[in-house]
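The values are calculated or read from the model by the stated rules, or taken from the named source; none is laboratory data. This is a predicted model, so every value here is computed, not measured. Heads up, the Cβs are rebuilt from the backbone with ideal geometry, glycines too, and the neighbour counts pull from every protein chain shown. Note: areas computed on protein heavy atoms with side chains; ligands, DNA, RNA excluded. Shrake-Rupley method; radii C 1.70, N 1.55, O 1.52, S 1.80 Å.
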Amino acid sequence: MANELFHKLGGEAAVNAAVDVFYRRVLSDDRISDFFEDVDMERQAAKQKAFLTMAFGGPVNYSGADMRKGHAHLVARGLNDSHFDAVVENLVASLQELNVPAELIAEVGAVCETTRNDVLNK
Amino acid sequence: MTQLHLNEATYQCEAGESVLDALTRQGVAVPSSCRSGVCQTCMMQAAADANVPRAAQNGLKSTLQAQNYFLACVCHPTEDMTVSLPDSSDRLLPATVTAIRPLNDEILCVGLDCPSLQDYRAGQFINLYRDAGFSRSYSLASVPTDSYLRLHVRRLPDGRMSNWIHDQLKIGDSLHISAPVGSCFYLPGAAEQPLLLIGTGSGLAPLMGILRDALNREHSGEIHLYHGSRDRAGLYLVDELRELAEHHPNFHYTPCVSSEPATSGCKSGRAVDVALAEHPDLAGWRVYLCGNPDMVKSARKKAYLAKAAMNDIYADAFVAVAS
Ligand SMILES: Cc1cc2nc3c(=O)[nH]c(=O)nc-3n(C[C@H](O)[C@H](O)[C@H](O)COP(=O)(O)OP(=O)(O)OC[C@H]3O[C@@H](n4cnc5c(N)ncnc54)[C@H](O)[C@@H]3O)c2cc1C
Ligand code: FES
């Protein structure tokens, strides 16, 4: 079912297009850009790709436990619901910029929502 | 903890330790240079059935990947591995020093004749060996149609290789180099795409190759080269570049000095800042960044935020050995 979303959106090509737009938005968003500072851009872009593939319901290779571990240091630095919302907002805006139909964007948002508790280590 | 099997012996690899660190800690001599997965000096081969972490094969040619070659400095094994050191004599190419010429007070142009190396992309780099275990990476400033390879070597304070090159190397000397490495080069195809080239110090070397390659292939889009240095004395090849700009209306050269006021033909400021101020929107551009690793890192981000696509940004950071 989720995998179907990934294909409807255009699969890997769509992820590649979205990562450019999305990550640029995130880096320019003062509310959250600090969490992305002093990281290796290429490695970070690879992570954004993995994240979008997951958000699009594509092949996932990380579990809730990885998600918790991967974000624990950010939670320690103050990552909270408002930042999570800002990331989702940037994702939605990116997909709108790429002319993705609203109902698919809503589906992507729903997939993201399922990761909130793991990301925020709640 | 995992185990590494090499030449009938077994070595321990602690959690988080790289294969290179584990082997050198236990007394195995593995050639290395950048220790960050760039130069490919530390290449090793894993047994056919080994599970090589993908990150350890980043940047290797697909033919080498298929033969289970990997970079020991960025290989963090998740299970036991049987590995071997490839015979470096197979991979190294003999070269003769044909020219040595100062480009300015701290940068030397070294010419190398290497008959077995005909085929490379301008902008790639080679590893130059002082002896079997000691090498450093240098970018090719030449294009394949030149009669010899050209390097621009900057002398660093206490730099072991660069001082040896500056003080000891003579015309006629023989040495070994690796096959060319790296993916920061000109790709023909989109001839009308604007190009932005930014380099600091001897980071001009690969940009010279890329620029000349692009001009030779009749790149028709605008080409902007920004070369940065602290002061005027650090700039070099200024006349050659001005002359190229005169002959090619689509090529524009801007030397930049960061600690001196602007003078005729020279802008004041860091090369990246001057370039981005003049070209705030890089959508559709191809960007090449070479030289100081901090400059490359921040310029990559700035170029990306100025809307250059991630895939259109090519970079060679001249990382030095951290030891
Ligand atoms: C892809 C790539 C391409 C390159 N292309 C070029 C090129 O075209 N031209 C060029 O000039 N260089 C280039 N370099 C850099 C080059 O490979 C060498 O790093 C450089 O020449 C220094 O080598 P060295 O042996 O002289 O210095 P090293 O002896 O390795 O020392 C490097 C520097 O670090 C300092 N240092 C050493 N140890 C320490 C320590 N413990 N703490 C603090 N500082 C320390 C030294 O003083 C010195 O300044 C490139 C590097 C890469 C990765
Ligand atoms: S790639 Fe491993 S030492 Fe440079």
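Descriptive notes on the structure:
- P(r) tail, the stretch B:123-171: Cα-Cα pairs separated by more than 15 Å, 50% of all pairs.
- Whole-percent carbon and sulfur share, accessible surface of the stretch B:1-98, 1.4 Å: 46 percent
- Rounded accessible area of A:Arg25 (nearest 10 Å², 1.4 Å probe): 80 Å²
- Cα pair distances of the stretch B:195-317 binned at 5 Å [whole percent]: 2, 12, 24, 26, 22, 12, 3, 0
- Tail beyond 24 Å, pair distance distribution of the stretch B:1-120 (Cα, percent): 36 percent
- Considering only B:Gly199, B:Gly284, B:Gly269, the mean-square fluctuation computed in a Gaussian network model of chain B, springs between alpha carbons under 10 angstrom, is largest for B:Gly284.
- Quotient of Cα Rg and 2.2 N^0.38 Å for the stretch B:219-264, N being how many residues it contains: 1.22
- Taking the chain by itself as reference, the stretch B:287-317 contains these residues with an accessible-area loss of 30 Å² or more in the full protein complex (1.4 Å probe, heavy atoms): B:Lys297, B:Arg300, B:Lys301, B:Tyr304, B:Leu305, B:Met310.
- Residues in the protein assembly as shown average 48 Å² of solvent-accessible surface per residue, probe 1.4 Å, ligands and nucleic acids excluded.
- Among B:Leu241, B:Leu128, B:Leu156: highest mean-square fluctuation, GNM of chain B, C-alpha pairs under 10 Å: B:Leu156
- Distance histogram in 20 Å bins (all Cα pairs of chain B, percent per bin): 31, 55, 14, 0
- Top positive-direction residue, dipole computed over the protein assembly as shown with Cβ charges, set B:Thr24, B:Val272, B:Ala122: B:Thr24
- Measure of compaction for the stretch B:92-178 (Cα Rg per 2.2 N^0.38 Å): 1.00
- Debye equation applied to the C-alpha atoms of the protein assembly as shown, log10 I(q)/I(0) at 0.10 Å⁻¹: -0.84
- Chain A - percent of accessible surface contributed by carbon and sulfur, probe 1.4 Å: 53 percent
- Dipole moment magnitude, nearest 20 debye, chain A about Cα centre, only Lys, Arg, Asp, Glu C-beta charged: 300 debye
- Legend: calculated FRET efficiency, B:His5 to B:Trp164, from the Cβ-Cβ distance at R0 = 45 Å, rounded to 0.05, equals 0.80.
- Residue with peak Gaussian network fluctuation, chain B [Cα springs, cutoff 10 Å], from B:Glu17, B:Glu218, B:Glu240: B:Glu240
- The count of lysine pairs in the protein assembly as shown that are at least 8 places apart or cross chains, and whose C-alpha atoms lie under 27 Å apart, stands at 27.
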